[in-house]
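Peer 1: Pasting a structure below so you can have a look.
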Amino acid sequence: RRRAESMLGRSVPAGSLPDTFPKVVDLLRQENLLAEQTAGSPIEEPFDVTRQALSFPAPRSAALQALCRAETGGMLALAYSNMRGYGVVHPTVGELRVGTLDLVVPHPLTRKPEKLGEVLVTEAEIIAHAEAGNGKPQFSLGYGLSFGHNETRAIAMAVLDRAMQSEAPASPSEDQEFVLQHIDGIESMGFCNHYKLPHYVTFQSALDRIRKARQAHETAGMDPVDGSQ
């Protein structure tokens, strides 16, 4: 609590520490300094990117899933571009935690929740620059969650989550479609490596166009592009 309170410029009397540490973002919410996240209905089913094709604009649940599954290097590169000025997010880390979550699934017969084990995760919440919320300046929030102990990945995800909330994207890292379509490591690697396969038809077509354009240029002095004199 001392860390959280001191971060907000407060003093904490000695001997008043609680059993658990409060979150900085909760203290900001108490003062109405944190903009509320735009979300769907509480009963709305989360988007499942493994079963449904992404369409844009994508709901935040889909964007967070895609970010959580993203290739680390690609996600970090886009987040870094935003931090360097190709965007508006210069974050302050509000929370950075590493711990385990229970893996709970319904029993196939009784349907009662059963704990199968634990999963190590890293969670990050970043506080971005002040924005106008309801006519009053407020901070904004980005969220990141990564499997395993990977603080850099979680922070990068949080930065991109916040960046894609921009109402008027001014850089690639703020464009939801650009980000989510280019951080899928499996898809990008597969597309890159598919060029090793034969592309005879497409290359032959390009080769024929180049030859005809050069022939037209050499014969009648025609423009090789539109055929004009």
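Peer 1: Of the conditions (1) at pLDDT 90 or above; (2) farther than 20 Å from Gly185 by Cα; (3) open to solvent by 70 Å² or more (accessible area, probe 1.4 Å), Val93 satisfies every one except a single condition; which number is it?
Peer 2: Unmet for Val93, out of (1) at pLDDT 90 or above; (2) farther than 20 Å from Gly185 by Cα; (3) open to solvent by 70 Å² or more (accessible area, probe 1.4 Å): (3).
Peer 1: So Gln165 fits all but one of (1) within 30 Å of Thr100 (Cβ to Cβ); (2) part of a helix (DSSP H, G or I); (3) modelled with pLDDT under 90; what number is the exception?
Peer 2: (2)
Peer 1: Quick check, is Gln52 of a type in the set (S, T, N, Q), at pLDDT below 90 and in contact with a strand residue (DSSP E or B) (Cβ under 8 Å, 6 or more places away or on another chain)?
Peer 2: No; evaluated as a whole, the condition is false for this residue.
Peer 1: Across the range 168-187, which residue is modelled with the lowest pLDDT among those that are assigned to a helix (DSSP H, G or I) and open to solvent by less than 60 Å² (accessible area, probe 1.4 Å)?
Peer 2: Gly185
Peer 1: List the number of the failed condition for Glu151; all other conditions in (1) open to solvent by 70 Å² or more (accessible area, probe 1.4 Å); (2) out of contact with any strand residue (DSSP E or B) (no Cβ under 8 Å at 6 or more places or on another chain); (3) not aromatic (Phe, Trp, Tyr) hold.
Peer 2: Failed condition: (2).
The values are calculated or read from the model by the stated rules, or taken from the named source; none is laboratory data. Predicted model only: the values in this text are computed from it and were never measured. Reconstructed Cβ throughout: ideal geometry from the backbone, glycine too, with neighbour counts over all protein chains shown. The accessibility values were calculated without ligands, DNA or RNA, using every heavy atom of the protein model including side chains. Shrake-Rupley method; radii C 1.70, N 1.55, O 1.52, S 1.80 Å.
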